[in-house]
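Nothing in this text is a laboratory measurement; each read-out follows from the coordinates by a stated rule. Nothing here was measured: the structure is a model prediction, and the numbers come from that model. Neighbour counts run over all protein chains shown; Cβ positions are idealised from the backbone, glycine included.
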Amino acid sequence: MAVRKWSKRVTTMNALAHALPMSPKLEAVPLPEDTVLAKRAKAGDLEAFRAIVEQFSGRVFRLVRSYVRGQDEAEDVVQEVFYKVHTKLGSWREDSAFFTWLYRVAINTAHDYRKRRHYGREAELDEPAAQGVADDRDEPAESLRRRDLKDQVRQAIGRLPEKFSAVLILREIDGLAYDEIARVLNVAIGTVESRLFRARERLRVELETAGLLDP
């Protein structure tokens, strides 16, 4: 995937609004790194945009992977997401969190992709064997077991309805707070809480059915 080849990192910049004079006793509060990079990228800094891709490509991949069938399709969607981010960055409001805007772009792009491909709800994640896993004959048994368990959990999440798989990924994998998830999904915090509760219950049933949890 092309975005994975962008490897240059941009160090964190500390920024401070100068609208009001500050007391010498007050320290400048740094903006989040992604906000700093987004501001620079919005101003046309290509290196800042490459750093954004490097910082978020893995997270965006995990998110869109829950919406599409295969790894190759997910990579295509990720590239489309960052193309849209690059072309639409001017519409990002700088008084809002950049990553929530980015995640909304990712979710909307994944939805659009599904519509173009006429997906039904039967879409699931690929089996691990279909993803070009390297020969594992010499891999330690414990490592194989952990990888197999991870694959099965990922598949179980993929079998959940989109609204549940997305909220699980945002909360349990990316560690977003409830209010951040609400902004990403454009729903009320109460909706996030109820979806997360139901998603965990559905995932538990999936894992029990797969024999990964005791009933």
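The local environment of ARG171, defined by Cβ-Cβ distances under 12 Å, has a net charge of -3 under the rule Lys, Arg +1 and Asp, Glu -1. Can you give the FRET efficiency to the nearest 0.05 for ARG104 and ALA43, using r as the Cβ-Cβ distance and R₀ = 30 Å? The calculated FRET efficiency here is 0.90. Structure note, pairs LYS42/LYS84; LYS84/LYS150; LYS42/LYS115; LYS39/LYS84: Cα-Cα distances above 19 angstrom occur for LYS84/LYS150; LYS42/LYS115. Taking a Cβ cut-off of under 13 Å around ARG93, the surrounding Lys, Arg, Asp and Glu residues balance to a net charge of +3, with basic ones at +1 and acidic ones at -1. Full extension of the segment from LEU213 to ARG116, taken as 0.36 nm per residue of separation minus the current Cα-Cα distance, would add 31.3 nm.
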